[in-house]
Amino acid sequence: MERIDRGRMSSRGVIAVVVLVCLGSAGQALQAQSDDAQVLSAAIAHYSATRRNGSQLPLLVIAAETVERDRILLGRFDRAEAPEIPASTIQALRQRNAKAQPIGDIRLPASALLVRDAIGMTRHVTPAGAEVADWSPFTHAYPGSQLVQLAAPAYFTPGQKALVYFWAGIGPEGIQGWLYILEKRGSEWHVTWSESPWIA
C-alpha cells in the first residue's frame with residue numbers, strides 16, 4: 001500500500017511539474033501577444049516620425065497581416081551572428097512568423113491606415129501558377145501611399161526588449177527592409193536601434 005501511495009505521489013508530482021511548465025509557456029505566449037500591439041504601435045510611430053520632411057506626409061498603408069517567415073529577408077543577420085541580434089532571437093522571429101497572422105489592435109499615427117489584404121493588391125498569379133509583382137491595384141487605390149508590412153515581434157527579454165522586422169515601399173522597385181530593436185521604459189516602448197538589411 002505504501003508503494004502504491006508513493007507511486008501516486010510521484011505521478012502527481014510529475015503531472016504538477018508538466019502543468020506548471022505548460023502554464024509557464026502559455027503565460028509567456030500570452031505576455032508576447034499582449035506586448036505585440038504596443039511594440040508594433042511604437043515601431044510604426046517611430047517610422048512615421050522619421051519620414052517627416054514637411055507638414056504633409058504621404059499615407060502609410062499598414063498591411064493587416066504579418067510577413068510570412070519565407071519572406072523575411074535579413075541580409076547579414078541571416079549569414080552570421082551579429083553583436084546587436086543573437087542568432088536565437090533571429091530564430092524566434094522566424095518561428096513566430098511561420099505563417100501570416102492578423103495584426104492586432106495597434107495605435108496608428110494620423111497618417112496611417114490599416115488595410116486588410118493590402119498585400120494581395122501587390123501580387124497576382126499567372127495562368128501558369130507563378131506569383132508575380134503587380135502593384136497597379138494598390139497604386140490605383142492608394143495613389144502616392146507607402147505600403148508597410150510588419151512581422152510579429154521576437155523578444156530578447158519578454159516584456160522588456162523586442163525585435164521588429166518590417167518592409168516599406170511604394171512599388172516593386174522602391175522597397176526597403178528594416179530591423180528595429182525596442183526597449184520598454186516605464187510603460188512605453190522606444191526604438192533604441194535600427195538598421196536596414198536590404199533595399200530593392
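All of the numbers you see were taken from the coordinates with simple rules; none came from a lab. The structure presented is a predicted model; accordingly, all values stated were derived computationally and were not measured. Reconstructed Cβ throughout: ideal geometry from the backbone, glycine too, with neighbour counts over all protein chains shown.
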request  = Using all C-alpha to C-alpha distances in the range 93-200, build P(r) with 5 Å bins and read off the rounded percent in each one.
outcome  = 2, 10, 16, 21, 22, 15, 8, 4, 2, 1, 0
remark   = For Ala162, the net charge from surrounding residues (Cβ-Cβ under 10 Å; K, R +1; D, E -1) works out to -1
ask   = At q = 0.16 Å⁻¹, what log₁₀ I(q)/I(0) does a Debye calculation on the Cα points of the range 31-170 give, no solvent, two decimals?
value = -0.91
task = Starting from the coordinates of the alpha-carbon atoms of the range 86-130, obtain the Kirkwood hydrodynamic radius over all distinct pairs and give the value in Å to one decimal.
result = 14.0 Å
